[in-house]
1. On full extension of the chain, what length is gained from GLU51 through ASP23, given 0.36 nm per residue of separation minus the C-alpha to C-alpha distance?
2. Which of the GluC sites (Glu not before Pro) found in the stretch 1-62 are in a DSSP loop and have at most 11 neighbouring Cβ atoms, other than their own, within 10 Å?
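Only the coordinates and a few stated rules stand behind these numbers; no lab work does. Source: prediction; values computed, not measured. A quick note on method: Cβ atoms are made from the backbone with ideal geometry, for glycine too, and the neighbour counts reach across all protein chains shown.
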Amino acid sequence: MKRKGVCYDVGCVMGMNWRPKFDVKVVHLELEIIKNDLNCNAVRIVGLNMERLMIASEDALKQDWKFGSRHSCGIKVKRRRSSTLQRLL
């Protein structure tokens, strides 16, 4: 089965925090929309804040994200490096 997915950012600091309020209910709703309304079978969860990454990842797992014949979990979690560090590299 072909993967169809999106990148879900839990809030990255890029000079300012563009998602200052992190609401668990909003995260659940947005992941549900990605899965059911956009018909995605994969999601990459990214951000700087480890607690936010864990919350979003756990919610996605509870929503039973699956793809392929082996029913592997269609979730990839990645902690972004800070934008300052990226500029230095």
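1. On the way: separation 28, 0.36 × 28 = 10.08 nm, distance 1.23 nm.
Contour length minus the Cα-Cα distance gives 8.9 nm.
2. Those that pass, being in a loop and sparsely packed, number zero.
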